[in-house]
1. Give the residue from B:204, B:163, B:146 lying farthest towards the positive end of the charge dipole for segment B:122-208; charges sit on Cβ (+1 for Lys and Arg, -1 for Asp and Glu) and the dipole is referred to the Cα centre.
2. Apply the a/c threshold of 1.5 to the C-alpha gyration tensor of the protein assembly as shown and tell me whether it is rounded, prolate or oblate.
3. Could you give the size of the charge dipole of chain A about its Cα centre, using +1 on the Cβ of each K and R and -1 on the Cβ of each D and E, expressed in debye and rounded to the nearest 20?
4. Dividing the Cα convex hull volume of chain B by residue count, how many Å³ per residue is that?
5. Going 7 Å from the Cα of residue B:353 toward and past its Cβ, which residues in segment B:253-274 have a backbone nitrogen under 12 Å from where you end up?
6. Could you list A:9, A:300 in order of exposure, starting from the residue whose Cβ has the fewest other Cβ atoms within 10 Å?
7. Return the long-range amide H neighbours of residue B:40 (sequence gap of 5 or more, or a different chain), with a cut-off of under 5 Å between placed amide H atoms.
8. With an 8 Å cut-off on Cα pairs and a minimum separation of 6 or more residues, tell me the relative contact order of chain B in percent.
Amino acid sequence: MSIYFDNASTTKPCKEAIEAVNRGLSELWGNPSSLHSMGVKAQLAVDESRKIIADSIGCESRCIYFTSGATESSNMALKGSAMAYGKRKRRIVTSSVEHSSVKESINELEKSGFEVVRISPDKNGIFNPDDFINAIDENTCLVSVMLVNNETGYILPVKKVFSVIKRRFTDVVTHCDCVQGFMKIPVKVRELNADLISLSGHKIHSAKGVGALYIKKGIRLLPIINGGKQENGIRSGTESVPLIMGFGASVKALSPHIEEHYRYVSELKKYLCSRLSELDYISVNSKSDASPYIVNISVSGIRSEIMLHWLESHEIYVSSGSACSKGAKSGVLDEFGLSQRLADSALRISLDFSNTKEEIDKFVDVLKEGQQKILKSK
Amino acid sequence: MKEIILLKYGEIALKGLNKSTFESIMIKNIKYRLKKIGKFSVTKAQSTVYVEPDEEISDLSEAVDVLKKIFGIASICRVCVCKKDFSDICRQSSEYLEDILPYAKTFKVTAKRADKSFPMKSPEICNQLGGFLLEKFPNLQVDVKNPEVTVTVEIRDTNAYVHAENIKGAGGLPVGSSGNALLLLSGGIDSPVAGYMMAKRGIHISAIHYVSPPYTSERARLKVEQLCEKMTDYCGNIAFFCVPFTEIQEAIKDNCPEEYFTIIMRRIMMEIAQKIAEKDECLALITGESVGQVASQTLSAISCTDAVCRIPVFRPLIGMDKTEIVEISRKIDTFDISTLPYEDCCTVFTPKHPKVRPALSDVEKAQAQFDFEPLIQKAVEDTEMKIFYV
């Protein structure tokens, strides 16, 4: 049996999602924009998913816009709001550890003339909320901070930062990439004080190719995709009814279990860390108060890729860094204060509620064996 | 630190011997709405309702958003619960206000001492707590006239409460305290606003809508259902009646003079609405008419429609401008739904030149050319009912 510890890259679609996608493809294949009843039925299915997702983050249905995934959501959010609100106010504040979809979107905006302030953690890898707050000025249009870092599981102080910003600079637009937090830790729009939230389907057991953007009522985005004015004109293009149905189905299945899963995965993380502490030359890079779903470790002296392939040969799947960067170094671990040596040998073990302690035992055994073998052959 | 919500009454406080009836309806409404979002205990004491979260996950901000839409509540305060001990009040309030005070420039303290046995008098509390907070937050200055933040301390029977924010409630009377009425809901901007305004006076609303397929589309009906769902935020559960109206409209078109189409249609709608109101135990009808807005809303047209009514027809928007109505519809969040572009039955077979000042005798004569009674009976029988829950 293979062991899948790469759940921050993508997750196995759950049966509820598969059934919903299937129903969308075989039964509800009408165009949601059609006036006839086939269209209406498809639209109702889309709206049902919209309601489920809205309920899960505590907002109204019509604040949820479906996209092709979180990358598109974040592009829409950042570029769309910068275009709408950044005519005179030209500063954008963000963290230095964002996912590439946010990082690159903001890089593009920087090229077009925005001033970008990137806040780094301190030398212990901890973000100080005041650093963000102090970087905001009258000239700031947008601030984007992720909730859970995808490489280390670090939880950023988004609540604190956004709540103060919203109080002092009411017209600064706040965006939060919640991809690694959604359905794992409680994500509520009101608590986060976020105007824009990016969500992904395939990280929570739905299909790839679907995501959502929460847009607070009253926030105006200029669309970056133009066409038939679907999704209230914000995201044109015929809605992917089956994928959206699948997205809704998996949120519906997971929502009631967020806490239960959190407790279980926390146990798994604790167990993993205690088993790893039996081994030499292993360091856990994730903080103890990070999201338990992501555990970043370094196997001293062995390059990430080599260990990754060794584990793979035993049907254990982990990731070297963020899977989006295809193994390319993202620099995020450096930002968190990891030495070059540790960053080069980092592995990301990302857990799921379907993983077990037995899997962790097997993983630790194989890791230990690999460590001895590879170090000896050096 | 424990945070709860205090609710202050508006008009209910003035209701002499009937006060407890209003109070208990309001508390029932509050409990019912809060049940959806978490476990809260709701109790009353000293003309104030206390809402306490029973679990840590019960979200107070979510609760505030729900409470803002419950009629009968004049104001809402999120408060920090302190012991009736001045040092505890100081300690808790500096901690509780940590997210607000460091970022404000000016503030003042006010005190309400409902429990007169508390050893310090109100001005003394203000002075000393103000001094304590000034020391704790050196960025602050006192401004009693126009402060950015007003810190309020309430000394009540069992505890003291501190808050810095007074949120305006929906006002009015609790829904259900004034009986039931049936709202004619077209899907436009006005009728949801009319429903909201009567609900504000404590009326429990049911809604009636007329559909004329194939002239009106399924989407038009869905839009009205969406409006009903939205209205439940303020109005509570709504029974929605959907009347098949095609045959009647076709009969009007085939048998009556064109200039009277709309007025006869309105009279028949009222007739059907009264029959449904009777069944649903509604004592009045509500419409979103405003004088002079369209041809069927001139005084003569309204009196022609009213001639068929045996129960009161409330028209809360009668003296309002469109812009005022739009403003409320935005506030209650029905505007975006109302402006979705689907045709409703009022615009089917609209005459080119409707009679602006119809005489009742002419209208009656025009309507008498056909016996609508069997069709009306059938429409009432075929009416579908659906309940929208909060």
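Only the coordinates and a few stated rules stand behind these numbers; no lab work does. Not measured: the values here are computed from a predicted model. Here the Cβ positions follow ideal geometry from the backbone for every residue, glycine too, while neighbour counts run over all protein chains shown.
1. B:204
2. On the way: a/c = 2.35, a/b = 1.48, b/c = 1.58.
Oblate is the answer for the protein assembly as shown, as a/c is 1.5 or above yet b/c matches or exceeds a/b.
3. Computed charge dipole of chain A: roughly 800 debye.
4. Details: hull volume 61.4 nm³, N = 390.
Output value, Cα hull per residue: 157 Å³.
5. Answer for segment B:253-274: B:259.
6. Numbers: A:9 18, A:300 13.
The order, fewest Cβ neighbours first, is A:300, A:9.
7. For residue B:40, whose amide H was placed from the backbone, the distant partners under 5 Å are B:54.
8. On the way: 747 pairs, mean separation 64.7, N = 390.
Reported as a whole number, the value is 17 percent.
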